[in-house]
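Take a look at the structure below.
What follows is calculated from the coordinates using simple rules that are stated; it is not laboratory data. In this text, all values refer to a predicted model and were calculated from it rather than measured experimentally. Counting neighbours? That spans all protein chains shown, and the Cβs are built from the backbone with ideal geometry, glycine included.
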Amino acid sequence: MKVDVLLGLQWGDEGKGKIVDVLCPQYDLIARFQGGPNAGHTLEFDGKKYILNTVPSGIFNPGTLNLIGGGVVIDPITLRQELDKLKTSGIDPVAHNKLVIARKAHLILPTHRLLDAASESKMGEAKIGSTLKGIGPTYMDKTGRNGIRVGDTELPDFRERYNKLVEKHKSILSHYGDIPDFSEREAEFFDAIEYLKTIPKVDSEQLVNRYLAEGKRVLAEGAQGTLLDIDFGSYPFVTSSNTTTAGACTGMGVAPNKIGEVIGIFKAYCTRVGGGPFPTELENETGEKIRQLGHEFGAITGRSRRTGWIDLPALRYAIMLNGVTQLVMTKADVLSGFEDIYACTHYIYNGEKIDFMPYDICSIKPEPVFEKIPGWNNDLTGITQVEDLPSAITDYIQYLEKALGVPIKYLSVGPDRTQTLILP
Ligand code: GDP
Ligand code: IMO
Ligand code: MG
């Protein structure tokens, strides 16, 4: 057996949570492999809406085990809040042995969050627009070989390790100005560490490879999106992990030749939250219309998401980097309100027409070249049969498949689990 990977091909919020929830009955294990509580994955079913941050989106399927992999960074405080909230909705994955955590996952400390905030405020206009969850500083400590891992909480010198790292953080923070009082959050952190100890720990590389050897099916759930990847995203306006398929290998401990299907998700248009370049951005009434119709406001921070037309050079780049074998298009219903829609087919960059993502899109803006495509005026949200789709959208799907070279297997026409069509 091989691990299938599901990940976002744009700047995040493509609808990963919804689609993992739809697909998870086909899998024995759902594993998050990178990112942390900067993620906000929304699931809707039975008239209820849930937003998951660190917990994998297979949590609502009784037959599926959920793994928070070693490549994830965990804030014990927010994880506990998330699990408490699920408990009030009648879902208790800890009591039902449906959640395990990799010992190698790194911990987000209260001071990591302070460092995130201090660094962002210092950058002024040039700020990344981080979710301020402490993601960047935690991954910095991981790669700087200073980090504290979930498995370390069981060690007798855990507190000393914590104190040593916090001393280092305080000395960095003092360069930014006064250090805010974090004693309350620190107490909460140690409480949450005790709670974390009640959740089973695993070596994710052993668990996942054992599952594969036993013929069990595993789906890796990405967070953020390809264009936020630390190596291949719109650097420096990126997150601090590998959001691409390669990150699934390191974030769980599986070899590249153990990767099976790679399911790439994209919206029928494009959004981005936070700073950084966005070639097809619409800073006009059309962009506002997409934002309102698509409810494009951040699942975690509530921030307005920037909106624009679909960007085919960026999608081709994401498909290449991830080895995408099948596509999912979400939010097609949002474009129903438009007479015509547009797709960016090329960029004009340094006076030349190019169809790939160049090295620098921050200081030199690629000018998008758009193709006009007939829209579909029909409401798609109630369509349950592919045969009932308007011909304009089936033409659009064929157009995209030709432009991207990969089949679109699923079409999402609303936020609910049931609003998902399997395409022939
Ligand atoms: P994720 O981070 O990739 O899981 O995506 P988010 O949950 O942050 O953002 C996607 C938003 O779009 C959520 O509010 C979903 O409920 C919603 N959504 C997902 N698929 C569709 C769809 O096909 N149509 C509409 N209208 N909303 C969708
Ligand atoms: P999901 O999994 C959209 C963005 C932030 C910021 C940049 C760095 O829900 O798709 P960070 O907090 O990582 O330091 O922020 O990345 N960002 C996301 N944008 N969806 C996300 O996750 C994101 N996680 C981080 O807005 O621009
Ligand atoms: Mg999201």
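Here are a few things to note about the model shown:
- Working note: Cα atoms of the chain, range along each principal axis, descending, whole Å: 65, 49, 40.
- The chain: angle of helix 204-213 to the longest principal axis, Cα-based, in degrees nearest 10: 50
- Each of ASP388 and PHE370 was given a label point 7 Å from its Cα along the Cα-to-Cβ line. The distance between the two points is 3.1 nm.
- Theoretical FRET efficiency, 1/(1+(r/R0)^6), r = Cβ-Cβ of TYR235 and ASP152, R0 30 Å, to 0.05: 0.50
- Between amide H atoms placed 1.01 Å from N, distances below 5 Å from GLY36 occur with VAL73, all of them 5 or more places distant or on a separate chain.
- Per-selection Rg to Rh, segment 79-203 - Cα, Kirkwood hydrodynamic radius: 1.00
- Kirkwood-based shape ratio for segment 146-268, expressed as Rg/Rh from alpha carbons: 1.05
- Length-normalised contact order for the chain - Cα pairs under 8 Å, 6+ apart - percent: 20
- Highest to lowest packing among 268-275, 389-396, 241-248, 349-356, scored as the average C-beta count within 10 Å: 241-248, 268-275, 389-396, 349-356
- Segment 24-98 pair-distance distribution - Cα-Cα, 5 Å bins, rounded %: 3, 16, 27, 30, 19, 5, 0
- Computed extension length for ILE422-LYS48: 132.3 nm, one decimal, from 0.36 nm per residue of separation with the Cα-Cα distance subtracted.
- Virtual paramagnetic centre 7 Å along Cα→Cβ of ARG185, amide N under 19 Å, in segment 63-81: 73-81
- Cβ-derived FRET efficiency at R0 22 Å, THR345 paired with ALA126, nearest 0.05: 0.10
- Approximate spin-label separation GLN206-ASN257, in nm, with each point projected 7 Å along Cα-to-Cβ: 2.4
- 29 Å Cα-Cα threshold exceeded, pairs from LYS85/LYS122; LYS18/LYS289; LYS133/LYS197; LYS2/LYS127; LYS331/LYS365; LYS16/LYS402: LYS85/LYS122; LYS2/LYS127
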